[in-house]
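To keep things clear, I will list the structure first and then write my remarks on it.
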Amino acid sequence: MTFISLVRHGETDWNRAKRIQGSSDIPLNGTGRAQAETTGRALAGGRFDAIYASPLSRALETAQIIAAHVGLDEPATLPAVAERNYGDAEGLTGEQILARWPEGTVVPGRESRDEVVARALPALRELGEQHPGENVIVVSHGGVISSLVRHVTDHALPAPGELIPNGSVHRFVYDDGELTLDRFNLGPEDRDLFTASVM
């Protein structure tokens, strides 16, 4: 059994402005770095064996900050957990997207949730195989995490309209080839849960 904790990166200026980032490489802002520090301090009570991150700078810097708190070396990059590509919608707000492409309209270049799962899920299964009996951190993005959560819970989570907060932790279990959701939307107040070791 392997625990894989997916962490959403800290805030960026585009997050604050409610602009879709997707594959655009937008860096953390000051709030985002503080969120990464807070998440790192919460995770510091646990035992972690490896840390990976999307190659996008907002995720990689978040992982670097967390790694310093949990006593791990430089994060390894994992391209398969980079954010969902939103195509022509990147840089726009939700209102702008709906005005340009009404509900049900195809956004040119936008990756589907199924396509996100098709690349991210095998990568997490591979990490489970590489780290049997270990605790692994993977810093990724809201679109990837929500797509994976929907997939493994048969769309029971997240609830309609529920967002994946910056700096939040979502713990999965890899066991015997299967990935399941153990804990959803853990925050710093849940730090005691991070001390649990893999059985």
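Estimated at 0.36 nm per residue, the fully extended path between Leu193 and Asp73 surpasses their Cα-Cα distance by 40.9 nm. Pick out, from Gly109, Ala53, Ala42, the residue whose Cα sits farthest towards the positive end of the charge dipole of the stretch 4-142, with +1 on the Cβ of Lys and Arg and -1 on the Cβ of Asp and Glu. The one lying farthest along the dipole's positive direction is Ala42. Can you give the accessible area of Glu115 in Å² (nearest 10), computed on protein heavy atoms with a 1.4 Å probe? Taking all protein chains as shown, Glu115 has close to 100 Å².
Extension gain, Thr31-Leu98: 0.36 nm per intervening residue step, less the Cα-Cα distance, totals 21.3 nm.
Just from its helices, what would the mean residue ellipticity at 222 nm be for the chain, if runs of 4 or more DSSP H residues each count -39500 (n - 2.57) and the sum is divided by every residue, rounded to the nearest 500 deg cm²/dmol? Display every interim value, and only then the final one.
On the way: 6 runs with 68 residues, N = 199.
Value at 222 nm, helices only: -10500 deg cm²/dmol.
Does the stretch 44-89 come out rounded, prolate or oblate by the C-alpha gyration tensor, with a ≥ b ≥ c the root eigenvalues, rounded set by a/c under 1.5 and, if not, prolate when a/b is larger than b/c and oblate if not?
On the way: a/c = 2.92, a/b = 2.59, b/c = 1.13.
Prolate.
Based on protein heavy atoms only, the stretch 107-188 ends up with 43 Å² per residue of surface accessible to a 1.4 Å probe. Between the stretch 1-62 and the stretch 128-190, the alpha-carbon centres lie 14 Å apart.
Across the stretch 29-131, Cα-Cα pairs farther apart than 18 Å form 60% of the total. Expressed as a whole percent, the accessible area of the chain that falls on carbon and sulfur atoms is 50 (1.4 Å probe). Prolate is the label for the chain, because the ratio a/c of its alpha-carbon gyration tensor axes (a ≥ b ≥ c) is 1.5 or higher and a/b is greater than b/c. Placing +1 on the Cβ of every Lys and Arg and -1 on the Cβ of every Asp and Glu, with no other charges, gives the chain a dipole of roughly 460 debye about its Cα centre.
If I build a Gaussian network model for the chain, linking alpha-carbon pairs within less than 10 angstrom, which residue out of Ile164, Ile97, Ile66 has the largest mean-square fluctuation? Comparing Ile164, Ile97, Ile66 in a Gaussian network model of the chain, the most mobile one is Ile97. Assuming a ≥ b ≥ c are the square roots of the Cα gyration tensor eigenvalues, decide whether the stretch 123-199 counts as rounded (a/c under 1.5), prolate (otherwise, with a/b larger than b/c) or oblate. Oblate, because a/c is 1.5 or more while a/b does not exceed b/c.
The values are calculated or read from the model by the stated rules, or taken from the named source; none is laboratory data. Just so it is clear, the model here is predicted, and its values are computed rather than measured. Positions of Cβ are backbone-derived with ideal geometry, glycine not excepted, and every protein chain shown enters the neighbour counts. The accessibility values were calculated without ligands, DNA or RNA, using every heavy atom of the protein model including side chains. Shrake-Rupley method; radii C 1.70, N 1.55, O 1.52, S 1.80 Å.
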